[in-house]
Amino acid sequence: MNPNLDHLHPYPFAKLNQLKQGITAPQDKAHIALSIGEPKHATPSLIHDALAIHSDGIAKYPTTKGIPELRTAIADWISHRFTIATSDIDPENQVLPVSGTREALFSFAQAVVDLSRPDAIVIMPNPFYQIYEGAALLAGAEPYFINTTEESGYLPNFNSVSDAIWQRCQLIYICSPGNPTGAVIPEQEHKNLISLAEKFDFIIASDECYTEIYDDESNPPQGLLETAYNMGNTAFKRCVMFQSLSKRSNAPGLRSGFVAGDAEVLKQYFEYRTYQGCALPFPTQYASAEAWKDEEHVQENRVLYRQKFTAFINILEDTCIIGKPPASFYIWLKTPIDDADFAQQLFAQQNITVLPGSYLSREAHGFNPGKNHVRIALVAPVAECIEAANRIKHFINTLD
């Protein structure tokens, strides 16, 4: 077996299941799951319709590169969303469909990390989406964590990393809007990171699967390719973005996303993927193309999340310190007691499941930045979120 498998940590939800083991939650309260970031809003009918219309496509082998209609729809969406000239996004060489961002974020490290360098480092924020760490470890690289804390605005401070670490860095994962904090990396910090990538020759993998869930309609989150383009880096050198329909279009089971950016990097990653065998089925590709062409359902989606955030925060704001993140559908709540104890007792008393923050992070630079936080995913319907907020309020009041 691959010896690097021994370095993997238990997945957060496996730890959460163990935390809840043996506890019988109150049966008079319906269970409310706020731990997993699985959207519960209705998948738009245009996706269902396209899947049905093109259902005969399952009789054919799809190609890894994807149909031109899908790559063109993605390129057009990138151009419109990030104010990049259509002529500067090449659907043939700068866009590649993938089976959701999870598999792509993982496999990307396997293709990028140079195994001939035993000192390879992959940098990532802390807390983080656990795929980043697993991808680094199984690629034979050492994960390096940049703590994101309240003091840093829950953003990674790239200036805190020494030149010696940057020199060993081959790949950095960034997540904006952040999981679990919802913090958005501003353009200036993108520029700083792109300059560091040029200086030390590493690749930036920008996980942007939450960019379409944001609070201010007039101020959508900045994208990495958008910043590179504004800097004059119109070829997006060393920059690759990862995007998905899971959150944007409430279609997590479709397993559809894309990577886009540096054509030279994607050329080699495409070669890797032809062996990996993760081509999207034809019905999925046609349905995805329709989803990327439509913005109305995405705007409606944001309205629903705003309603939930407003109702949830209004109930809890006089009980704890809570605020609305600029984007994503998470609340990164500070806890008055240990985060694992908070999650365990909340389940035992109120039949609500949330995720301890320390399960999403590692101890680095002397502390675990996820400690004494829980991640609350406001994915349930509005009524359930309101019910959950009232139960959490009651629970916190019992801790006084």
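Here Thr64 fulfils each of the conditions (1) assigned to a loop (DSSP other than H, G, I, E, B); (2) closer than 23 Å to Asn301 by Cβ; (3) touching a strand residue (DSSP E or B) at 6+ places or on another chain (Cβ under 9 Å); (4) among the polar types (S, T, N, Q) apart from (2). Contact map, the range 327-344: first residue surrounded by fewer than 16 Cβ atoms within 10 Å (Cβ to Cβ), second residue modelled with pLDDT under 95, Cβ cut-off under 6 Å, separation 6 or more or different chains; pairs are Lys334/Ile321; Pro336/Leu399.
For (1) in the same structural domain as Glu226 (by TED's automatic domain parsing); (2) in a helix (DSSP H, G or I); (3) surrounded by fewer than 20 Cβ atoms within 10 Å (Cβ to Cβ), each residue gets a yes or a no:
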residue	(1), (2), (3)
Ala109	yes, yes, no
Met124	yes, no, no
Pro143	yes, no, no
Ile165	yes, yes, yes
Pro180	yes, no, no
Leu193	yes, yes, no
Ile204	yes, no, no
Thr211	yes, no, no
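Residues in the range 284-315 that are of a type in the set (Ser, Thr, Tyr) and in contact with a helix residue (DSSP H, G or I) (Cβ under 9 Å, 6 or more places away or on another chain) were compared, and the one that is nearest to Leu254 (Cα to Cα) is Thr284.
Residues are listed down the side, and each one gets a yes or a no for (1) surrounded by fewer than 12 Cβ atoms within 10 Å (Cβ to Cβ); (2) hydrophobic (A, V, I, L, M, F, W, C):
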site	(1), (2)
His7	no, no
Ala14	yes, yes
Gln21	yes, no
Ala33	no, yes
Leu46	no, yes
Asp56	yes, no
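Report yes if Ile322 is surrounded by 15 or more Cβ atoms within 10 Å (Cβ to Cβ), assigned to a loop (DSSP other than H, G, I, E, B), touching a helix residue (DSSP H, G or I) at 6+ places or on another chain (Cβ under 6 Å) and of a type in the set (A, V, I, L, M), otherwise no. Criteria met by Ile322. Based on this model, can you work out whether Ser79 counts as free of Cβ contacts under 8 Å to residues at least 60 places away in the same chain, in contact with a helix residue (DSSP H, G or I) (Cβ under 8 Å, 6 or more places away or on another chain) and either closer than 30 Å to Val382 by Cβ or in a helix (DSSP H, G or I) (or both)? Spelling it out, Ser79 is indeed free of Cβ contacts under 8 Å to residues at least 60 places away in the same chain, in contact with a helix residue (DSSP H, G or I) (Cβ under 8 Å, 6 or more places away or on another chain) and either closer than 30 Å to Val382 by Cβ or in a helix (DSSP H, G or I) (or both).
One residue stands out among those in the range 269-319 that are small (Gly, Ala, Ser) and farther than 25 Å from Ile78 by Cβ: the one that is surrounded by the fewest Cβ atoms within 10 Å (Cβ to Cβ), which is Gly277. With respect to the conditions (1) outside the structural domain of Gly182 (by TED's automatic domain parsing); (2) at pLDDT 95 or above, Gly323 lacks only one, and its number is (2).
Run down Arg117, Arg102, Arg71 and say which single residue is touching a residue at least 24 places away in the same chain (Cβ under 8 Å), assigned to a helix (DSSP H, G or I) and over 22 Å from Thr227 (Cα atoms).
Arg102 is the lone residue from the list that is touching a residue at least 24 places away in the same chain (Cβ under 8 Å), assigned to a helix (DSSP H, G or I) and over 22 Å from Thr227 (Cα atoms).
Identify, please: which residue in the range 236-259 is touching a Pro at 6+ places or on another chain (Cβ under 9 Å) and among the hydrophobic types (A, V, I, L, M, F, W, C) and is, among those, surrounded by the fewest Cβ atoms within 10 Å (Cβ to Cβ)? Here the answer is Ala251.
The values are calculated or read from the model by the stated rules, or taken from the named source; none is laboratory data. As the structure is a computational prediction, the values presented were derived from the model and not from experiment. Cβ: placed from backbone, ideal geometry, glycine included. Neighbour counts: every protein chain shown.
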